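S.K.: So that we are looking at the same thing, I have put the structure below in structure tokens.
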Amino acid sequence: MDFSVLAESCTNGFSEMVCQTATAVTTFLFNLIMMKLLGENAAAAITIMIYMQFFLSAFYIGFSMGVADVISCNYGKLSAVLK
């Protein structure tokens, strides 16, 4: 077992860990504040909105990455025809 590879993987993934931890802490704090200020229904509502935002962001990014090749290929063909 090569521990240098494991150490390099941990170093490389540290920024993602920080990002995911920040998201978890933010979600927890939103829920905590909503529970104190407005109660259980507000906490449920903010949780649903946050999860929908995550889902829609992932959908948008996936769609963008999926159509980027098609758009660039067709744009390249169009540019070649117009020259």
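The values are calculated or read from the model by the stated rules, or taken from the named source; none is laboratory data. Note that the coordinates shown come from a computational prediction; the quantities given were computed from them, not determined experimentally. Every residue, glycine among them, receives a Cβ derived from its backbone with ideal geometry; neighbour counts consider all protein chains shown. With ligands, DNA and RNA removed, areas are computed over all heavy atoms of the protein, side chains included. Shrake-Rupley method; radii C 1.70, N 1.55, O 1.52, S 1.80 Å.
S.K.: Rounded to whole Hz and in sequence order, give me ³J(HN,Hα) for region 52-57 from the Karplus expression 6.51 cos²θ - 1.76 cosθ + 1.60, θ = phi - 60°, writing x for Gly and Pro.
M.R.: After applying 6.51 cos²θ - 1.76 cosθ + 1.60, I find 5, 5, 4, 5, 5, 5 Hz.
S.K.: May I ask you to give the solvent-accessible area per residue for region 5-75, in square angstrom, as obtained with a 1.4 angstrom probe? Don't skip to the end; give the middle numbers.
M.R.: Values: 5910 Å² over 71 residues.
Here the residues of region 5-75 average 83 Å² of exposed surface.
S.K.: Would you kindly derive the ³J(HN,Hα) couplings of region 73-80 from the backbone phi angles with the Karplus curve 6.51 cos²θ - 1.76 cosθ + 1.60 (θ = phi - 60°), listing them in order in whole Hz, with x for Gly and Pro?
M.R.: With the stated coefficients, region 73-80 comes to 5, 5, 5, x, 5, 5, 5, 5 Hz.
S.K.: Would you mind working out the magnitude of the charge dipole of the chain relative to its Cα centre, with +1 at each Lys and Arg C-beta and -1 at each Asp and Glu C-beta, to the nearest 20 Debye? Before the final figure, lay out the partial values.
M.R.: Numbers: 3 positive and 5 negative charges, 87 e Å.
It comes to approximately 420 debye.
S.K.: Between Phe54 and Glu8, what is 0.36 nm times their sequence separation minus the Cα-Cα distance? Round to one decimal in nm.
M.R.: Details: separation 46, 0.36 × 46 = 16.56 nm, distance 2.89 nm.
Difference between extended and current length: 13.7 nm.
S.K.: Place +1 on the Cβ of every Lys and Arg and -1 on the Cβ of every Asp and Glu in the chain, take the dipole about the Cα centre, and give the residue among Gln53, Leu78, Phe3 whose Cα lies farthest towards its positive end.
M.R.: In the chain, that residue is Leu78.
S.K.: Given a 1.4 angstrom probe, I'd like the percentage of the accessible area of region 10-83 that is carbon and sulfur, rounded to a whole number. Working shown, then result.
M.R.: Details: 4690 of 6310 Å².
Its accessible area is 74 percent carbon and sulfur atoms.
S.K.: What Kirkwood radius, in Å to one decimal, follows from the Cα pairs of the chain?
M.R.: Result for the chain stands at 17.0 Å.
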